[in-house]
Structures are given as C-alpha cells and as structure tokens.
1. Within region B:9-26, is there a residue that is without any contact (Cβ under 8 Å) to a residue 12 or more places away in the chain, open to solvent by less than 90 Å² (accessible area, probe 1.4 Å), assigned to a loop (DSSP other than H, G, I, E, B) and within 14 Å of chain A (Cβ to nearest Cβ)?
2. For region B:50-79, which positions are open to solvent by less than 50 Å² (accessible area, probe 1.4 Å) and part of a loop (DSSP other than H, G, I, E, B)?
3. For region A:326-339, name all the residues that are at pLDDT 90 or above, open to solvent by 60 Å² or more (accessible area, probe 1.4 Å) and under 23 Å from residue A:127 (Cβ atoms).
4. Taking region A:130-150, which residues are surrounded by 18 or more Cβ atoms within 10 Å (Cβ to Cβ) and either within 14 Å of chain B (Cβ to nearest Cβ) or aliphatic (A, V, I, L, M) (or both)?
5. Yes or no: residue A:450 open to solvent by 30 Å² or more (accessible area, probe 1.4 Å), under 19 Å from residue A:418 (Cβ atoms), part of a helix (DSSP H, G or I) and touching a residue at least 40 places away in the same chain (Cβ under 8 Å)?
6. Collect the residues in region A:217-270 that are part of a loop (DSSP other than H, G, I, E, B) and either under 16 Å from residue A:296 (Cα atoms) or touching a residue at least 60 places away in the same chain (Cβ under 8 Å) (or both), keeping them in residue-number order.
7. I'm trying to understand the selection: among the residues of region B:27-49, which are surrounded by fewer than 10 Cβ atoms within 10 Å (Cβ to Cβ) and either touching a strand residue (DSSP E or B) at 6+ places or on another chain (Cβ under 7 Å) or not in a helix (DSSP H, G or I) (or both)?
8. Any chance you could count how many residues in region A:83-102 are out of contact with any strand residue (DSSP E or B) (no Cβ under 8 Å at 6 or more places or on another chain) and among the aromatic types (Phe, Trp, Tyr)?
Amino acid sequence: MSTATNGHVAEPVVDYAEVLKTYDPVMGLEVHVELNTATKMFCGCATGFGEAPNTQTCPVCLGLPGALPVVNVAAVDSAIRIGLALNCEIASWCRFARKNYFYPDMPKNFQTSQYDEPIAYNGYLDVEMPDGSTYRVEIERAHMEEDTGKSLHIGGATGRIHGADHSLVDYNRAGIPLVEIVTRPLVGAGAHAPEVAKAYVATLRDLLKALRVSDVRMEQGSIRCDVNLSLRARSQDPAAQNDVPLGTRTETKNVNSLRSVERAVRYEMTRHAAVLNGGASILQETRHWHEDTGVTTSGRVKSDADDYRYFPEPDLVPVAPTREHVEELRATMPEPPAERRRRLQGDWGYSDLEMRDVMNAGAVLLIEETVAAGGTPVGARKWWLGEIARRASAQARDLADFGVTAADVAELDGLVTSGRLNDSMARQVLDGVLASEGSPVAVADARGLRLVKDDGALSDAVDAVIAANPAVADKVREGKVAAAGALIGQVMKEMKGQADAARARELILEKLGAA
Amino acid sequence: MSAISRDDVAHLAMLARIDLSDAELDKMSGELAIILESVARVSEVATDDVPPTSHPLPMTNVNRPDVVRPSLTAEAVLAAAPASEQQRFSVPRILDGD
Ligand SMILES: [Zn+2]
C-alpha cells in the first residue's frame, strides 16, 4: 500500500558512521534511459516533451484491437550503441516480451519489454571517483522497453496516490523507447557507497550524452534511477566480506537527480541499520523517495517476476543484429569516459584538484557545453562551482536543472571578460537569469548594468571624494599609497558600483601626484 | 506440472483483478486443471530436439525508419474513453501503483 507523502511517520535511523561499524552495504542500480528518437518504440507517434495531453498517440500505443507494433530501427541501434559503450556483449538474436500488469499507465495492460533475452549483457563501466580512484561497476544487462503513460492523481487529502479519488492519464509518453541498464550487485564500496552510486549515474549520464542517444535531462525524467540497497554483516576479515550472504533489499523508485541518488543510498543505509539493530527484518518492498524531506516511505510489496507472467511478444519478430552491423556501430563509439576526462582536463588547463572538484560537482558536461558555447574554461569553472553551485546547494537542487543553461553561463562570462560587467554586477545578472528575467545580456540591459568607461563621470567623482577627504588625500600625497584604498571605496560608492575600480585607483593616484 | 491449487487460482485472479467467489474459485481450480492437463500433452510430443517456438515464421529484423507519422487527435482518442477530464483518460483510483 502506498503511504502519503505528507504526514508520514519518520522511521528511526542510526548515524551513518554507526552503520559502517556493523554492516557492509550492497547496491544495485537500475537506470531507465529515455532515448531521443523522433518516434516511439513501436509506432510513428512523435516523442516531444511537454506537448498537450494525448496528442501523441495512435492505435498502436493505445493498444487498440488489431493494431500491430513495428520496431523503430533507430531505437535498436541506440540500444546496441549503449550496450557497446558499456562494454557489453550484444545478443545475436533476442525477443521482446510482454510484461503483464494492470495499472492504467499502460493502456495495453502490458508493457513491451525484454525478459531473459536482453539486447546487451555482461558489461562494465569504470567510474572515476572524486579521490582519483576507479570503481568498476559491472553491468548485468541493458534491455529495450517502452515508457508508460503519465498519471495525475485527483482528489484525496494529499493529492498523491493514497486517498486519490481517481486518476487522469496522458498517454503521450506511453511507448517512448527506453533502455534499462541493470548493474550486478555493487560490493566493496563501504562508506563510499553513496558517492559510488552518484558517480556511476553521473558517468553514465555523461556517456549517454556523448553517445547522443538521450537528452539526459534528469529533471524531465529522461534518466530515472531505481536504487536497490541491502546491508549484510560486516566481516572482521575484509577478504572474506564477499562470503557473507546478502541481506534483504529494498528498491527505492524514481530517484531522479544525482544529489538524490547519493542521499537515497545514505538514507536507506541508516534506516536498514536501525531496523536490523532493533532485531527486526527488512521487508522486501519498493520504497518511494521524497525529494523534499530526503526520506523514503513504504511502497508496495515487490511482485515476483512470475506475477508479471512474461511471455514472448508474438506481434514482434526477433531482433537479430548482424555482426557486421554491430561492428559498424562500434565504430561510432565516443571516447571512453576516463580518456575524455583527461582530454578535457588538458584542454581546459585545470589542475588535478580543480578537475576533481568539477567531477565531484557533476559539472564536467556543463563546463564542456559552456566552453562549446564560447565561455572561457576558467570562467565556466568559476561560475558553475562558485556562485551557481552555492545557490543550487542552498535550494537543494542539481546544477544541471537549476534554471541556468550553459549558454547563459558562457554569455555571462563573456560580459565579464569583455569588461562590460564586474563580478558584483555579474552576480546581480545571475540573480536576474535565475528569476527568469531573460538572458544575461537582456538582464544587464534591463537593469542598466554596465561598467562606466567614461572617465568624465569617474573623474568628477574622484575630484569630489578628494575634496571631501583632505586628510586622507594628504597621506596619499605624502606617498602612503595604501591610504588610497579608502578613497577608491568611496568613489565606487559614488558611482553606485558601476565603475572600474582599477581605473578609479589610477585616477586618484594621478590627481594626487602619487602615480 | 498440471496441478493448480486453489491458492494459485486465487493469486491469478488477484493479479488479473477478477473478483472470484469461493464457489467460483473451487469451480475454476477444477476447470483450469483440465485445461493445463490438455496443454501438457503437447510437451509429450515436444522432445528435446524440438525448440520452443514463439513465432511460427522464421523472420527477424522487421523494422521501420524513425520517421514521425501523424498521431490521432486528442478528441478522437478521448471519444473512445469511458470518461475524460483535462484532456486525459479518467480512470478509477489506483490502490497500489507507483
Ligand atoms: Zn503511437
């Protein structure tokens, strides 16, 4: 049964450090990737995001009687390319299967998926950790399936599923191609388990972007992560840790930001430990993640695969990529993540520490896009990891979906490097961009922000400040150049911040004969 | 392999969202057992050298290009809905979905 988001009883948790004294965490991550094909998996309906409800449907994706699905060749190629990038073997013959269930988000009463014959299997992804080490995530499988419709739950006290009177369904998303990437159990991460989970999803996101197979917009749901977590007893002998049997796992659904992936793993670890410490057992169930409160609540008891009564989809013939075709697709692989990281670090001239910070912030892609849009590497890093990161963090949001685009940052950086704005003005412009006032140039224009280059106005202000501060001016005349600082401050104030402080200093020293 | 318990039938009925009375469960258990026995006779013929067949025709890779075709209008789609609201299908509340 679902539990309401609001008013749920907080479950006991233990301190994170305490968890690790007694337990060893094991994770499994399932990432659903929405492909960026023009059409759906099995019909020619468009896949645009945010279109009017039920305007991108047809007899096939509505499951009307007699409609026959036909596979989208671009989706199969994308799935194979994802498999290759994850170092998987590619099936030479595989089928689709019907996953039968009775939620109204699929009008057919089943979801077309793959069951025991995934298109790609047995792979791995090497994930570079912030500390410079590498964690190898083993990939069990990557299979093709279709997305479901979107439900809006109406009525009830909370507006959530529990207590809802009825649901309204939009099938625009139903049938959009998905690839689900399933890891093998991630062991040995210990205290770093939450960071490993986050780094894996960030690396996967950047890889999918480089493959150009998905929009990778987590906030729009084009990448969605399910987090499986279990705890087992910590072994005294680290070498024997993997002999300890796995504990019961929970599956936290729809964790849709990098930050949340890390937090959800951390939270479930502390919750599991509290349950186990209390002598109780973990119930194998799905959990709902609550972004606002950072906790999970009980979902439904997990169905067995048997309950989905999978069987081969009779309306779709098997997919059998030729080896030649697979090799053609292999030739389109982007550079591996570690190589890419090294190349970018070289291109941008970042130190190891700077690059590590960028990776840890999940900002590699953002900086790459910013530089591609004309920003300087130094400026891109400064803005994303500085002012923007600070504001995003204060609002508990991911950088990538904070409302500032790479193009905005490139433009903002350009305004500073061209000398139109100083840093303090640029920060005001950033606030304007975040307040949806427009692009940086538009905000700067609308707010009348521009460094005053005209020496006339600046010169007048310097004269006025010198006249008003004869004692300080005398000190400067006597050669105490440091005293000029007080005058510069007043000039800037007089100019309402819209002056070049370096030029103000030059003018003061010139006028006082100290230059 | 043909044995199907009353509990199995109750579980399947729950999955299929079919509300069966006690009498119906008893009746269905018996009837489904007969159907399963009949189907099981096929496996007597299917020896190890006969692979399970899901598709009668030996075809693979029937694809279509990734080219958009017109969708139906929302009006046409919702005309077939038992009820609609806000240009969406209105359905009974979901008890245990996610
Ligand atoms: Zn369609």
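The values are calculated or read from the model by the stated rules, or taken from the named source; none is laboratory data. If you're wondering where the values come from, they're calculated on a predicted model, not measured in any experiment. Methodologically, a virtual Cβ is constructed for each residue, glycine included, from the backbone with ideal geometry; neighbour enumeration extends over all protein chains shown. The protein model used for the area step is the full one, side chains on, heavy atoms only, and it has no ligands, DNA or RNA in it. Shrake-Rupley method; radii C 1.70, N 1.55, O 1.52, S 1.80 Å.
1. We begin by selecting, within region B:9-26, every residue without any contact (Cβ under 8 Å) to a residue 12 or more places away in the chain; these are B:11-12, B:14-24.
In the following step, the residues that additionally are open to solvent by less than 90 Å² (accessible area, probe 1.4 Å) were identified as B:11-12, B:15-16, B:20-21, B:23-24.
In the following step, the residues that additionally are assigned to a loop (DSSP other than H, G, I, E, B) were identified as B:16, B:20-21.
After this cut, where a residue has to be within 14 Å of chain A (Cβ to nearest Cβ) as well, the list is B:16.
Yes, region B:9-26 has at least one match.
2. Step one: filter region B:50-79 for residues open to solvent by less than 50 Å² (accessible area, probe 1.4 Å), giving B:54-55, B:64, B:66, B:71, B:74, B:77-78.
Within region B:50-79, B:54, B:55, B:66, B:71 qualify.
3. Step one: filter region A:326-339 for residues at pLDDT 90 or above, giving A:326-334.
If we keep only those that are open to solvent by 60 Å² or more (accessible area, probe 1.4 Å) as well, we get A:327-328, A:330-332.
If the condition is that a residue be at pLDDT 90 or above, open to solvent by 60 Å² or more (accessible area, probe 1.4 Å) and under 23 Å from residue A:127 (Cβ atoms), then A:330, A:332 are the ones that fit.
4. A:137, A:139, A:142, A:144, A:148, A:149
5. No, not satisfied.
6. Just the residues of region A:217-270 that are part of a loop (DSSP other than H, G, I, E, B), to begin with: A:217, A:221-222, A:234-237, A:244-249, A:256-257.
Once the filter is applied, which keeps residues that are part of a loop (DSSP other than H, G, I, E, B) and either under 16 Å from residue A:296 (Cα atoms) or touching a residue at least 60 places away in the same chain (Cβ under 8 Å) (or both), region A:217-270 yields A:217, A:221, A:222, A:234, A:235, A:244, A:246, A:247, A:249, A:256, A:257.
7. Of everything in region B:27-49, those that are surrounded by fewer than 10 Cβ atoms within 10 Å (Cβ to Cβ) and either touching a strand residue (DSSP E or B) at 6+ places or on another chain (Cβ under 7 Å) or not in a helix (DSSP H, G or I) (or both) turn out to be B:47, B:48, B:49.
8. 1
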